[in-house]
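**Q** Here it is: the structure, laid out below.
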Amino acid sequence: MPDRGGGPTGPRMRVGRPSRRVRTLLMTLGVLAVLGMAFTMFAGFWTDWLWYRSVNYSSVFTTTLWTKIGLFFVFGLLMALAVGFNIWLAHRLRPPLSAMSMEQQNLDRYRMGIAPYKKWLLLGITALVGLIAGASASSQWRTWLMWVNGVSFHEKDPQFKLDISFYTFDLPWYRFLLGFGFAAAILSVIAAALTHYLYGGLRITSPGARATAAATGHLSVLLGIFVALKAVAYWLDRYGLAVKSSDFKATDNWTGLRYVDANAYLPAKTILFCIAVICALLFFATLWRRTWQLPVIGFGLMVLSAILIGGLYPAIVQKFQVQPNEQAKEAPYVTKNLKATREAYGIDDAQVNEYEGTSKTQDKTKLRDDVADAASIRVVDPNVVSPTFQQLQQIRNYYAFPTNLDVDRYSKDGKDQDTVIGLRELNLNGIPKNNWINDHFRYTHGYGVVAAKGTDADSEGRPVFTESDLPSEGDLGTYEQRIYYGEKTTEYSIVGGPQKEIDYSDDSGEKTFTYTGKSGVNLSNPINRAAYAVAFSEPQILYSGAIGEGSRILYNRTPKERVEAVAPWLTIDGDAYPAVVDGRIQWIVDAYTTTNGYPYSSRTTLGDTTADSLTATNNSRAVVAQQNQVNYIRNSVKATVDAYTGQVKLYQWDTKDPVLKTWMKAFPGTVKDKSEISQSLMAHLRYPQDLFKVQRELLSRYHVKDATTFLSGSEVWQVPDDPTNTSGDAVPPYYLSMKMPDQKAQAFSLTTTFTPNGRDQLSAFMAVDAEAGTSDYGKIRILKLPTNTTVSGPKQVQAQFNSEQNIAETISLLNRGDSKVEYGNLLTVPLDGGLLYVEPVYVRGGGLKYPLLRKVLVTYGGNTAFEDTLDEALNKVFGAEGQTTTPPEDEGGGTTKPPTSDNPTVQQALDDAQKAFEDGQEALKKGDWEAYGVAQKDLEDALQRAEDAQSKADKTTPKPSASPSSGPSSKPSSSPSPSSSPSG
């Protein structure tokens with residue numbers, strides 16, 4: 001009997017036990033790893049589903065998901081079957097072992113090696129190609145949905161007389177099917193050839209026949225299918241000529257047929273189609289003839305024909321027929337391109353009128369009076385004054401304003417006024433201490449709207465606020481001021497649970513709040529918590545005591561993110577803007593439907609076309625990830641995102657757009673009817689900037705309707721570079737209430753200028769009526785200046801400003817020390833046949849961290865003025881005084897009797913404030929910015945003392961309420977406005 005303790009059996013048993021433990025441990029770790037990967041995948045899926053359900057757009061998630069799954073399985077299975085069947089068939093058609101040559105007998109060890117795993121190997125190969133094909137097909141979900149839901153354009157292309165929908169919805173799907181067929185045929189040929197070689201059906205070095213009859217027949221059928229698919233490709237290429245881009249000197253990204261396409265490539269494709277069909281039949285005939293001779297000859301003929309007919313012949317036609325008389329040959333096709341491009345970009349109704357460029361009116365007083373009727377000139381530049389809003393209205397460091405503010409219209413006393421508006425959004429970088437609780441539980445939202453008149457500044461160059469302070473008060477009335485969704489809210493927040501949020505702070509301290517909205521996803525469920533802990537890589541979500549009953553997680557919080565998520569088939573405008581509508585802050589987002597399959601319409605790249613000097617410095621205003629080319633665009637959807645609840649609403653705006661109708665069929669119920677837009681919301685809708693920038697780029701060439709002029713290039717314009725900065729990028733369009741020559745009253749408009757290609761003088765001025773709900777909304781008007789006269793363009797006007805000695809000296813003085821001059825928007829206004837240019841000039845420095853309006857540049861008819869206010873500059877330019885462009889109470893240029901008080905402490909503080917104000921004005925006249933900064937600080941301190949003393953007195957003595965302009969009642973967080981400063 002063997003020794004259990006030291007014999008050979010004993011050590012083997014001792015070695016075996018640890019080995020089993022290791023195997024068990026490895027298996028356990030493997031199972032855990034698989035479960036971890038599975039739960040990670042589940043977490044991503046589950047959190048997406050929960051989010052879409054929380055915003056009431058679960059149908060978008062399910063439709064997209066099931067479409068992707070269906071395409072994955074259908075095309076994955078088709079590819080797997082195609083490759084697997086041909087491998088099986090090649091194996092089935094193998095010759096008997098006795099017939100194999102020495103070359104094939106040398107492969108016997110490989111056959112023997114794979115013999116036990118043949119079934120598994122076949123399944124593995126087919127599964128792999130199926131997975132790859134399925135994944136590729138699932139990415140075509142948009143193509144499938146557009147094909148299966150496509151609606152008619154009710155418009156035919158000029159060449160083949162097919163509905164436009166064929167090119168936009170059908171042709172992309174047919175091309176995908178064709179590409180899939182090519183891939184299946186090529187993979188099947190490769191797989192079958194390798195199998196035949198491995199099992200003796202093909203021979204490379206052996207003498208005699210290179211292939212068995214069975215292998216020859218099998219491969220010839222596969223090659224015949226490939227060539228038949230090539231024939232289909234030639235046929236579809238005929239229609240593809242209508243949407244083909246090519247280099248053409250008339251324009252970049254030319255799209256559509258030209259003379260050589262219609263008269264050489266089109267017949268060549270037809271001929272090649274016929275040759276390919278014959279060649280495919282020759283390959284199929286090999287099943288009976290058992291020889292490669294005829295199909296090889298046919299294939300060689302097809303390749304030679306492709307070179308001669310498809311390549312050489314068109315080149316000869318271009319060289320000897322088109323080039324000697326290009327304009328005559330190309331003119332009919334250019335006419336088609338002009339018409340299609342103008343229709344596809346919505347510029348076919350653009351109205352081009354001749355404009356003198358100079359005024360013939362001798363009555364300067366009349367001209368001066370006409371300025372107020374011509375435009376509400378905006379001297380507050382929303383792209384410059386954000387730091388001013390920040391300094392005067394930030395209130396707390398954990399609030400911030402966007403880099404570029406927005407321009408909107410608000411009505412007061414029955415009259416609309418251009419308003420610069422921004423939201424006081426949450427700024428996590430400014431909170432006192434960053435940690436997980438503070439960043440995600442306590443500091444969760446911004447607070448309040450800050451708005452200022454676009455046409456006014458006070459006597460010290462600051463905006464005249466119409467809505468300000470914290471909580472915000474002013475002309476906008478009562479509304480929900482908390483901002484949980486905004487352009488700066490990029491982090492998730494967990495709200496509504498046991499952890500209180502910081503609402504806002506005032507003199508009595510911090511106010512707390514608990515979110516009561518229904519937005520976000522409920523975290524009471526432990527599965528949800530675990531899923532989000534994995535999705536956000538934050539394990540504390542799973543076990544933190546700060547999360548409890550009622551806790552909800554908010555994410556995807558920027559307006560563009562939310563709209564893009566619920567409508568992934570839309571292209572989102574780069575500039576979402578806020579508006580107070582029916583007691584709520586709503587983000588308004590413009591969205592577009594696009595396609596690159598509109599026949600004969602030239603293409604453009606959205607990312608490049610919409611770039612300007614603002615997007616160069618602020619990427620959030622750019623059309624994100626839109627480098628794909630398009631040749632059709634419509635502002636088909638207006639979307640809103642509630643700043644408190646995050647609710648997303650999509651409204652149909654373009655009721656005729658076939659692309660939108662197609663997507664509405666694919667996602668029924670997601671887009672509301674246009675009639676559901678309320679009048680209060682309609683008042684804040686406007687013409688979108690990115691669409692306007694695309695249209696102005698196209699109109700720089702497509703404003704002409706004559707093919708000969710278009711081909712000559714003599715009327716090509718360009719969008720000038722922004723002369724107010726050194727970025728070298730295009731000047732942005734500007735919103736402005738103004739009146740074009742054919743309009744009876746001012747309309748809220750979006751404007752831009754053009755210069756001739758390669759030159760700086762002005763060639764045209766363009767404006768679109770941006771006021772939604774009016775009959776003229778979207779009407780494009782272009783004032784074309786004479787080519788035989790020279791009218792200064794923006795760059796020349798800026799150079800003229802800078803070259804005049806007195807202006808240059810003043811600019812140099814303003815730039816002294818640590819002060820810096822910043823130029824505002826250079827506005828162009830048509831006035832009595834001429835063009836009025838206005839540019840506000842800001843100064844930042846001298847102890848101040850924000851720009852203040854100090855001067856206004858104005859030029860008209862060769863006369864230039866550089867004065868403290870717009871009215872003074874206009875008076876100087878026209879040599880006459882007229883009606884003021886701003887109400888007298890907003891000019892801030894006069895003085896009023898300083899307020900008095902019976903309280904000696906308050907009176908002393910008011911006296912100190914008056915002295916500080918006078919010291920500041922004296923320093924301002926001398927250009928002593930350091931002294932001015934000190935005076936401003938003394939002024940704010942005095943006003944603070946006055947307010948504190950008055951508040952203390954109010955606690956013991958009842959005091960009737962006073963209007964905001966009755967005395968020095970500015971809060972310490974705000975610099976005084978004219979109505980609250982001691983000198984008025």
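Results for (1) at pLDDT 95 or above; (2) in contact with a strand residue (DSSP E or B) (Cβ under 6 Å, 6 or more places away or on another chain), shown as yes or no for each residue.
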position	(1), (2)
127	no, no
130	no, no
144	yes, no
148	yes, no
152	yes, yes
158	no, no
166	yes, no
169	yes, no
172	yes, no
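**Q** Within the bounds of the range 562-583, is there any residue that is touching an Asp or Glu at 6+ places or on another chain (Cβ under 9 Å), outside the structural domain of residue 437 (by TED's automatic domain parsing) and closer than 20 Å to residue 658 by Cβ?
**A** Yes: one or more hits.
**Q** Test of understanding: among 173, 141, 147, which residue is surrounded by fewer than 18 Cβ atoms within 10 Å (Cβ to Cβ), over 18 Å from residue 84 (Cβ atoms) and assigned by TED's automatic domain parsing to the domain that holds residue 96? Outline the logic, then answer.
**A** Working: 141 fails: surrounded by fewer than 18 Cβ atoms within 10 Å (Cβ to Cβ); 147 fails: surrounded by fewer than 18 Cβ atoms within 10 Å (Cβ to Cβ).
Criteria check complete, one pass: 173.
**Q** Related question: Checking residue 647 against (1) surrounded by fewer than 20 Cβ atoms within 10 Å (Cβ to Cβ); (2) modelled with pLDDT of 95 or more; (3) in contact with a helix residue (DSSP H, G or I) (Cβ under 6 Å, 6 or more places away or on another chain), which test does it fail?
**A** (3)
**Q** To continue, here is another question. Of the conditions (1) of a type outside the set (Lys, Arg); (2) surrounded by fewer than 19 Cβ atoms within 10 Å (Cβ to Cβ); (3) in a helix (DSSP H, G or I), residue 787 satisfies every one except a single condition; which number is it?
**A** (3)
**Q** Shifting gears a bit: So which of 744, 665, 661 ends up being surrounded by fewer than 18 Cβ atoms within 10 Å (Cβ to Cβ) and assigned by TED's automatic domain parsing to the domain that holds residue 636?
**A** On the way: 744 fails: assigned by TED's automatic domain parsing to the domain that holds residue 636; 661 fails: surrounded by fewer than 18 Cβ atoms within 10 Å (Cβ to Cβ).
665 is the lone residue from the list that is surrounded by fewer than 18 Cβ atoms within 10 Å (Cβ to Cβ) and assigned by TED's automatic domain parsing to the domain that holds residue 636.
**Q** Okay, moving on. Spot the failing condition for residue 152; the list is (1) assigned to a loop (DSSP other than H, G, I, E, B); (2) touching a Lys or Arg at 6+ places or on another chain (Cβ under 9 Å), and only one is missed.
**A** (2)
**Q** Just one of 593, 605 is at pLDDT below 95 and among the β-branched types (Val, Ile, Thr); which is it?
**A** On the way: 593 fails: at pLDDT below 95.
None of the other options fit; the residue is 605.
**Q** Does residue 417 fit the bill of being within 26 Å of residue 686 (Cβ to Cβ) and either in contact with a Cys (Cβ under 7 Å, 6 or more places away or on another chain) or surrounded by 23 or more Cβ atoms within 10 Å (Cβ to Cβ) (or both)?
**A** no
**Q** Another question, if that's okay. Checking the condition at pLDDT 90 or above and within 28 Å of the chain's Cα centre (by Cα), which residue from 513, 536 passes? Let's see the steps before the verdict.
**A** Working: 513 fails: within 28 Å of the chain's Cα centre (by Cα).
So the residue among 513, 536 that is at pLDDT 90 or above and within 28 Å of the chain's Cα centre (by Cα) is 536.
**Q** Can you pull out every residue in the range 219-244 that is of a type in the set (Phe, Trp, Tyr) and within 30 Å of residue 632 (Cα to Cα)? If you could, list the steps in order and put the result at the bottom.
**A** Of all residues in the range 219-244, those of a type in the set (Phe, Trp, Tyr) come to 226, 234-235, 239.
Hits for the range 219-244 are 234, 235, 239.
**Q** Something else about it: If I ask for residues that are over 44 Å from the mean Cα position of the chain (by Cα) and either more than 22 Å from residue 235 (Cα to Cα) or crowded, with 16+ Cβ neighbours inside 10 Å (or both), which ones from the range 298-308 would you list? Quick ask: steps written out before the conclusion?
**A** Step one: list which residues in the range 298-308 are over 44 Å from the mean Cα position of the chain (by Cα), which gives 298-305, 308.
Once the filter is applied, which keeps residues that are over 44 Å from the mean Cα position of the chain (by Cα) and either more than 22 Å from residue 235 (Cα to Cα) or crowded, with 16+ Cβ neighbours inside 10 Å (or both), the range 298-308 yields 298, 299, 302, 305.
**Q** Restrict the check to the range 761-773 and report whether at least one residue is of a type in the set (A, V, I, L, M), closer than 25 Å to residue 373 by Cβ, without any contact (Cβ under 8 Å) to a residue 60 or more places away in the chain and part of a strand (DSSP E or B). Spell out the reasoning first.
**A** At the first step, the residues of the range 761-773 found to be of a type in the set (A, V, I, L, M) are 762, 764, 766-768, 770, 772.
Within this subset, residues satisfying the condition of being closer than 25 Å to residue 373 by Cβ are 762, 764, 766-768, 770, 772.
Adding the requirement that they be without any contact (Cβ under 8 Å) to a residue 60 or more places away in the chain leaves 767.
Filter once more, so that each one left must be part of a strand (DSSP E or B): 767.
Taking every residue of the range 761-773 in turn, at least one turns out to be of a type in the set (A, V, I, L, M), closer than 25 Å to residue 373 by Cβ, without any contact (Cβ under 8 Å) to a residue 60 or more places away in the chain and part of a strand (DSSP E or B).
**Q** Looking at 544, 613, 551, can you tell me which residue is in contact with a Pro (Cβ under 9 Å, 6 or more places away or on another chain), assigned by TED's automatic domain parsing to the domain that holds residue 435 and surrounded by 20 or more Cβ atoms within 10 Å (Cβ to Cβ)?
**A** On the way: 544 fails: in contact with a Pro (Cβ under 9 Å, 6 or more places away or on another chain); 613 fails: assigned by TED's automatic domain parsing to the domain that holds residue 435.
Every option except 551 fails the conditions.
**Q** Would you check which residues across the range 659-709 are in contact (Cβ under 8 Å) with a residue 40 or more places away in the chain and of a type in the set (Ser, Thr, Tyr) and list them?
**A** 662, 670, 678, 680, 687, 700, 702, 708
**Q** State which residue pairs qualify: first residue closer than 20 Å to residue 688 by Cβ and modelled with pLDDT under 90 and inside the range 334-362, second residue of a type in the set (Lys, Arg) and surrounded by 17 or more Cβ atoms within 10 Å (Cβ to Cβ) in any location, beta carbons under 7 Å apart, and separation of 6 or more residues or different chains.
**A** Short answer, once both residue conditions are applied: none.
The values are calculated or read from the model by the stated rules, or taken from the named source; none is laboratory data. From a predicted model like this one, the values you see are computed outputs, not experimental measurements. FYI the Cβ positions are ideal-geometry reconstructions off the backbone, even for glycines, and counts take in every protein chain you see.
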